[in-house]
Amino acid sequence: MAKKSVSGSNNSASAEPRVHQRGREIQRYATVTHAFHLELEEPVRLEMTERLNQLLADSITLRDLYKKSHWQVAGPTFYQLHLLFDKHFNEQVDIVDAIAERIQLLGGLAIAMAADVAETTKIERPPRGREEVPVQISRLLDAHQIIIRDCRALADRADKLGDQGTNDLVVSDVLRPNELQAWFISEHLVDSPLVQATEEVSKAAD
Ligand SMILES: [Fe+2]
């Protein structure tokens, strides 16, 4: 006699998609798996992943601040800033991915969703409305400053704990690109005349 398939059984074959599924978490946030092959003790990986998640939340926020600025910029410098903001956005996309994958590699869990990022970031929330270019740039610079400060502290700590991989990632892939982006946008806040010099140089012949 043929066996009847049991309804609801895990091994019953069916062409129907099994939608709306939920289940228990297989790893809780703020824990690390036993990555013995890394030769890094669990407390080190716990501290590194916690600090990297702060850097991740701030980098995701800065990334999105660049897109907001890209969309909402206005004025005579619209075109160049529209392009520059999007270039920096795309570079921050790569930075975010590098940080998140370092967290996963260390056995931790990278935060990802907007609500979790909003609860974690130290960067001030901007209004939904449009702001003037100098304010947009000031907000971006403030965000870079927070990230750069955290990068230096995190790189030092990673070095002390023997996590050279995190040290290298933070310095090479996060700190230096942030320093460069901050320089590019800070030059836009220099009050330099476009057409006429502010003071005429006195002529030696006079
Ligand atoms: Fe665009």
Worksheet, complete the sentence: If each part is reduced to its alpha-carbon centroid, the stretch 44-68 and the stretch 70-99 end up apart, in Å, by 18
Discussion item. With unit charges on the beta carbons (Lys and Arg positive, Asp and Glu negative) and the dipole taken about the Cα centre of the stretch 38-189, which residue among LEU46, ALA100, MET113 sits farthest to the positive side?
Written reply: MET113
Fill in: the stretch 38-189, dipole about Cα centre (Lys/Arg Cβ +1, Asp/Glu Cβ -1), debye to the nearest 20
580
Worksheet item: Taking only Cα atoms, what is the 0 to 90° angle, nearest 10, from helix 176-186's long axis to the longest principal axis of the chain?
Response: 40
Worksheet item: In a shell of Cβ-Cβ distance under 10 Å around SER138, excluding SER138 itself, what net charge do Lys and Arg (+1) and Asp and Glu (-1) give?
Response: -2
Worksheet item: Using 0.36 nm per residue, how much length does the chain from ILE148 to SER172 gain when fully extended, once their Cα-Cα distance is taken away?
Response: 7.4 nm
Item to complete: Could you state the angle between the C-alpha long axis of helix 42-72 and the longest principal axis of the C-alpha atoms of the chain, as a value from 0 to 90 degrees rounded to the nearest 10?
Response: 50
Worksheet, complete the sentence: Listing THR198, THR31, THR61 by rising number of other beta-carbon atoms within 10 angstrom, fewest first, gives THR198, THR31, THR61
Worksheet item: Using the beta-carbon distance between SER138 and GLN21 and R0 = 35 Å, what value does 1/(1 + (r/R0)^6) give for FRET efficiency, to the nearest 0.05?
Response: 0.15
Practice prompt. Per DSSP H run of at least 4 residues, take -39500 (n - 2.57); add these up for the chain, divide by its residues and hand me the 222 nm value, nearest 500 deg cm²/dmol.
Written response: -18500 deg cm²/dmol
Item to complete: Neighbouring Cβ atoms within 10 Å as the yardstick, rank PHE78, PHE89 fewest first.
Response: PHE78, PHE89
Item to complete: Report the semi-axes of the equivalent ellipsoid for the stretch 85-176 in whole Å, largest first, where each axis is √(5λ) for an eigenvalue λ of the Cα gyration tensor.
Response: 26, 15, 12
Practice prompt. Could you please tell me the mean projected area of the C-alpha convex hull for the chain, averaged over all directions and given in square nanometres to one decimal?
Written response: 20.2
Item to complete: Rounded to the nearest 0.05, what FRET efficiency do GLN72 and VAL195 give with R0 = 30 Å and r taken as the Cβ-Cβ distance? Could you check?
Response: 0.65
Discussion item. Name the residue from HIS70, ALA35, LEU141 whose Cα lies farthest towards the positive end of the charge dipole of the chain, charges +1 on Cβ of Lys and Arg and -1 on Cβ of Asp and Glu.
Written reply: ALA35
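Since every read-out is calculated from the coordinates, none of them should be taken as a lab result. Everything numeric in this text was worked out from a predicted model, so none of it was measured. As a convention, Cβ positions derive from the backbone with ideal geometry for all residues, glycine included, and neighbour counts pool all protein chains shown.
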